[in-house]
1. For LEU215, all conditions in the list (1) at pLDDT 95 or above; (2) within 22 Å of GLY271 (Cβ to Cβ); (3) touching a Lys or Arg at 6+ places or on another chain (Cβ under 8 Å) hold save one; what is the number of the exception?
2. Among the residues of segment 123-138, which ones are closer than 15 Å to SER409 by Cβ and either of a type in the set (A, V, I, L, M, F, W, C) or outside any strand (DSSP E or B) (or both)?
3. Among the residues of segment 427-441, which ones are of a type outside the set (A, V, I, L, M, F, W, C), part of a strand (DSSP E or B) and surrounded by fewer than 21 Cβ atoms within 10 Å (Cβ to Cβ)?
4. Just checking, does segment 227-237 include any residue being more than 28 Å from the chain's Cα centre (by Cα), surrounded by 15 or more Cβ atoms within 10 Å (Cβ to Cβ) and over 25 Å from SER153 (Cα atoms)?
5. Can you list residue pairs whose Cβ atoms sit under 7 Å apart, with the first residue in segment 369-382 being of a type in the set (Val, Ile, Thr) and the second being surrounded by 14 or more Cβ atoms within 10 Å (Cβ to Cβ)? Count only pairs 6 or more apart in sequence or on different chains.
6. Could you go through segment 384-395 and let me know if any residue there is modelled with pLDDT under 90 and within 18 Å of the chain's Cα centre (by Cα).
7. Filter segment 317-346 for residues that are crowded, with 21+ Cβ neighbours inside 10 Å and under 19 Å from ALA441 (Cβ atoms) and give the result.
8. Failed condition for GLY213, given (1) assigned to a loop (DSSP other than H, G, I, E, B); (2) at negative phi, with all others met?
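The values are calculated or read from the model by the stated rules, or taken from the named source; none is laboratory data. Please read these numbers as outputs of a predicted model, since none were measured by experiment. Please note: Cβ atoms are built from the backbone with ideal geometry, for glycine as well, and neighbour counts cover all protein chains shown.
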Amino acid sequence: MDDRDKGLTHLFVRDLDEIPLPARGEWRRMARRETIVMRSSRYLLAGGAVVAVLAIALIVGYQLSQRQQSAANPSASPTGSPRETSLPVVDPRASVTPSAATPAAAVSPVSAAIYDDRFGFLVFEQQAGKASFRNESSNARLSSFEQQGFAVSPDGFSIAYWTPGSGPSPQQLRIIGGASELTLVTLASGQRGGGIAWSSDGAAVAYSTDSGGSLGGAANSSTLNIYELAANGRHGTTIATESNTGWFYRPIAWDRSANIVAAGLTGEGGGMGFYVTVRIEPDNSFNLQRMDTKSSGLGVLMQSVRASSDAKFVLGVDFGSSDIRWWPLADYAAGKTQSGAGKRGALWRPGTHEIGFLSGEQLWLGDVDKAGAQGLCCTAVSGVPATSSLRTFRADGSAALIAVGSTGSAELGDFTLIRLGGDPKATSGDRVTFKELGGLATSVRFR
């Protein structure tokens, strides 16, 4: 990274040029004697100025009187004070269409209220492997980096990623956050970076490496590893290995409070064939357990598998039925399902045990802690286009981002940011639509 791209974002502050005052005696007039004509002219000008000031005062007083009468009249249009922001009412049942997109150069009051530039988005560019950062309110790029797989920390502040690696340059596992960048691991020749998952406390990462076979295909060997950021932690310790089976590891979550790392074993078809948990014992040994997940239908799509931000639960979407399945981190067999709800995306809302998914023209938020025999206990935001999909949540869970229609990663498309309340039942569903490349991937936090 060069100096321009060292941070997730830079705050640019322009100092105003000080305006120099004229030299003290520069404009001093030469002393001269006043004539009677000059004195008379001076008095006449002064009198005229007084009359003008009185006239202006009368006009201002009249206008203030009219404003007070208008404010007292219930049928008059209300006038907000300078400290208030007058926002039009947004009906959450109204349909959002691509034509409602707000250009980046013309931010409406509604947009300004919904956007929060403490946060932004990570966008895959048209150039393969290039990822850029942007504020929520503007598609101007702040910085960029080259990557081949990444994961955002639970708080949204940091990103762990694999460098592309080419020729003699091996891949590296790096972390960027704020204005700093840290290299954790440099792979040996013949190794490829696999998946990455942050620990629930953001103080460590689990990652996998593959070797042999082909990129994107079956590996001859795959390892599951952990890296703790503390100086006295485990730095690149291998906790599980898979050899010559056609399966390779993809880490899912690491609950450091329970000392459990979870991963999936997947193959060329993209399904999760086995769900694996590794418990880190007090004596630093590793207790591995494996659950066969192929017995039910076509199984869960590995790419859809995600953990809640506290790593207590995991979800995945079934290949064939699009059922959402969720389970406690340590117990895949205790999973439950929501029929057909994952067709348009299923994601954990950060900081909660709520699964967000789209059904019909509604965004549903289902709390797995309250799920019963009928499935998820849900609240909903209406007016979501039937052709849309759930792309991501704001890093603090206060908003949801919907991709409107289907858009290729290198093409501009419409995205709708929907504001959510602390209590989803109380949300107004206020929203704003903007254009961005279809490669908009996830939300990040800048400050």
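1. All conditions pass for LEU215, except number (1).
2. The answer is VAL123, PHE124, GLU125, GLN126, GLN127, ALA128, GLY129, ALA131.
3. Passing the criteria: THR433, LYS435, GLU436.
4. No, that holds for no residue.
5. Going by the 7 Å Cβ cut-off, the qualifying pairs are THR379/LEU365; THR379/PRO424; VAL381/PRO92; VAL381/GLN362; VAL381/LEU363; VAL381/ILE418; VAL381/THR427; VAL381/GLY429.
6. Scanning segment 384-395, I find no residue that is modelled with pLDDT under 90 and within 18 Å of the chain's Cα centre (by Cα), so the answer is no.
7. Hits for segment 317-346 are VAL317, GLY342, ALA346.
8. All conditions are met except number (2).
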